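A short write-up of the structure that comes next.
Nothing in this text is a laboratory measurement; each read-out follows from the coordinates by a stated rule. None of the values given here were measured: they were computed from a predicted structure. Here the Cβ positions follow ideal geometry from the backbone for every residue, glycine too, while neighbour counts run over all protein chains shown.
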Amino acid sequence: MKKLQQLIIAGTLVLITACSATPKQSLYDEIGGRETLDHAMRLAVNRIYNDAQIGHFFKGVPKRHIHKELTDQFCNLIGGPCEYTGKTMVESHKDLNITDSDFYILVEYVQGAMRDVGITYEQENRILRYIAPLKSEIVYL
């Protein structure tokens, strides 16, 4: 009988713990969701368009389009509810002859914008881990 009571108590504790466990928050929610991401991408896009080395890649493409595409893509990659429906990175960057230097300039603008909106270095690094693999789909195509 004592063993049965111990099993019931242990089972009850497991159920209570399981019910009270908070689901892990996505990186998207952790940084403040769409509002934070939207603000960071708006800052980054403005800086990118004004850059002497990489701004020409975006000539003729409305800022709002690039802003939306970047925001949706980042949102999707970091666990947000967004669906990225834009072109693949290969399609978007084919024949542009983007160099490592060009790519890193854009990344620096995105990093600076993330810091400016209050995303921590730890969060920034986690975001960049999702973005880094895209480099091979962008550079020298």
Open item on the list: If each residue of separation counts as 0.36 nm, what is the full-extension length gain between Asn125 and Asp51 once their alpha-carbon separation is subtracted?
Closed with: 24.3 nm
TODO: For a label point 7 Å from the Cα of Leu134 along Cα→C-beta, name the residues of segment 63-79 whose backbone N is under 12 Å from it.
DONE: 66-78
Task: Simple spin-label estimate for Gln25 and Lys94 in nanometres, 7 Å along Cα-Cβ - done: 4.1
Open item on the list: Name the residue from His65, Gly32, Cys82 whose Cα lies farthest towards the positive end of the charge dipole of segment 25-137, charges +1 on Cβ of Lys and Arg and -1 on Cβ of Asp and Glu.
Closed with: His65
TODO: Straight distance only, please: which aspartates and glutamates reach the Cα of Lys87 with their own Cα at less than 16 Å, same-chain residues fewer than 8 apart left out?
DONE: Glu69, Asp72, Asp95, Glu137
Task: Stretchable slack from Asn76 to Ser101, in nm (0.36 nm times residue separation minus alpha-carbon distance) - done: 6.4 nm
